[in-house]
Every structure is written in C-alpha cells, then in structure tokens.
1. Pop the C-beta distance of Q237 and N139 into the FRET formula with R0 = 22 Å and round what comes out to the nearest 0.05.
2. If I model a spin label as a point 7 Å beyond the Cα along the Cα-Cβ vector, how far apart are those points for K178 and Q131 in nm?
3. How would the stretch 173-272 be classified by its alpha-carbon gyration tensor: rounded, prolate or oblate, with rounded meaning a/c under 1.5 and the a/b versus b/c comparison settling the rest?
4. Arrange the residues I37, I192 by how much accessible surface each exposes, largest first, with a 1.4 angstrom probe.
5. With all protein chains present, calculate the accessible area of E110 using a 1.4 Å probe and round the result to the nearest 10 Å².
6. Among G164, Q114, V144, whose Cα projects farthest towards the positive end of the dipole of the stretch 113-245, with charges put on the beta-carbon of Lys, Arg (+1) and Asp, Glu (-1)?
7. How much accessible surface does R116 have with a 1.4 Å probe, in Å² rounded to 10?
8. Report, in debye and to the nearest 20, how large the dipole of the stretch 156-272 comes out about its Cα centre when Lys and Arg carry +1 and Asp and Glu carry -1 on their Cβ.
Amino acid sequence: MSRRSKRRAKREPGEHRDRWMITYADLITLLLIFFVIMYAMSNPDSGKYNVVTQSLQNTFNQSNSILEGGSGIVGETITKPTPPDNEEQNPTDSDMEPDVTDDDNQPLTEREKQFRSQEEELQNLFNTITQYIDDNSLNDQIFVADKPQGISITLSDRFLFDQGQAALKDNAAPILSKLASLFRNLNTVVSIEGHTDNVPIGANSSYKDNWQLSGERALSILRFFLDQEKLNPDGFQYAGYADTRPTGDNSTEAGRQKNRRVEITVLRQLQP
C-alpha cells in the first residue's frame, strides 16, 4: 500500500467519525423540551398546558429517550424505580370532601363555621318569636330585638306580675312555656335580667328595695324554666338591676312603665 493510502486510512475513523452529531442532536432536543416546558408553565391557559404535556408524553413513549428508560446517547438503559406495592396513593380531589368557603371562596376556619352556625340558630329563634308575637297579638307586651349581645326578649311587668310583686301571673305561663321550648336545645346561655322604675318600694312591701324586687322577678322566671319546664340550669344566669338601666323617662308614667320590665337575652357566645 502506498504512503498516500496509509495517510487516508488514518484520517478516516470509519463508522465513528460522525458520533459527535448524535450527542449534539440529543442536546438540542433536550434544550428544546426544556424551553417548551418553561413556556407551558408560564402560560395560565391550562388547556394549552395539557396539550403540550400530552405531546411530550407521547414523544417520550415513542422514542428511545434517556428520560423514559431508553439508551440515550451512550447506549445504556436506565430503569425507572417502581413504587412499592403497599404505597398509599394520594387522594384525588374527587375523594376529598369539599371545604365550606366564604364569599371570597376561601376555606372557613373551625371558629368561623361555629360562628355561622350560631348566627343561623339565633336568626331562626328571632323569626320564630316574632311570628308568635304577631299570631297572638302580643306586640304591646313583648318586644324582640337583635342586639350585639344577642336576641333580646323584653316582657312588660304588667304581663308578668302584679304591681310591686314578684310572683308570676297565671297568664304568663303560655308565653314562658313557648320560650322554654325554644331554649331547650340552644347551645348558648340565656340571661334573665329584672328592671324597675325609680319609685321607692312602699313601707308595706315584702321587699326591701327595688334591687331585691328586680332580682326576685328575674329569679321567678328562672324558677319557672327550671322547675316547671325542667330546662338545664347550666344554660341560664340571672340578675337584678333595679332602676340603674332605664330605657324610658322616669319623670313620666309612660316612661316608668317602660322601665318596669324583664329582659331575657339569648347571648352570642362567639363574635366575628
């Protein structure tokens, strides 16, 4: 063989002379995939993202790619690890119970759920008592209001007691029994408060002063709920305030009559 032929044989490496092109092509392919994925992730259009993802998966499944256990650029096979048979699967969205959300579609905390349940209970109570008052024409004897501290039910002393007395009248029983039926399953506290006008107790009264009279009147209603209606005593409290919290003008008869009252308040236990 001539020297020229030997030199040509050294310059031609045979079938391996273009192997660098395989490495280069595989690198370009990986870079293309990388930028396609970055573009898809930056695009909020989930439909386009799913199309790109499906296209890439099809490409990986059909090609001899190192990313899917193929021979890659060096001819070695890479096997993906198989998860253990007893590995628990993550629950899907369809397997999970939907969370209760607020108006902004944010999940509610446990306290917020309890507050909403309380408000629904109080609103139902307010509506029921209002309807009862209207049905029985008791608008001049019983007043109900939704106050910050809770649902307030104000009963006139003329409806409950004789003048200067703390013993309940017989005709007070039906309305108190109705209230007891509404209080029976409440998950809150009921406060009973007695109030009087500023006229001093007479010398012949069995009560020392308006403090004692207002407290005894509140206690009489509490006793009715506990003794007659058998309600749970843990859900009640009572107090007498005499003439210290007037709602009317004590200088007029109408104002004094307004001040002689018993307020039964179903308290809000939770605040927003």
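1. E(calc), rounded to 0.05, equals 0.20.
2. For K178 paired with Q131, the spin-label model returns 1.2 nm.
3. In terms of gyration-tensor shape, prolate.
4. Reading off the accessible areas and sorting them downward yields I37, I192.
5. The accessible area comes out at roughly 120 Å².
6. The listed residue farthest towards the positive side: Q114.
7. For R116, the solvent-accessible surface is approximately 110 Å².
8. Values: 14 positive and 14 negative charges, 54 e Å.
Using only the charged Cβ atoms, the result is roughly 260 debye.
The values are calculated or read from the model by the stated rules, or taken from the named source; none is laboratory data. Quick caveat: nothing in here was measured; it's all calculated off a predicted structure. Don't worry about glycine lacking a Cβ; one is built from the backbone with ideal geometry, like all the others, and counts go over all protein chains shown. Note: accessible area is taken over every heavy atom of the protein model, side chains too, but ligands, DNA and RNA are not part of it. Shrake-Rupley method; radii C 1.70, N 1.55, O 1.52, S 1.80 Å.
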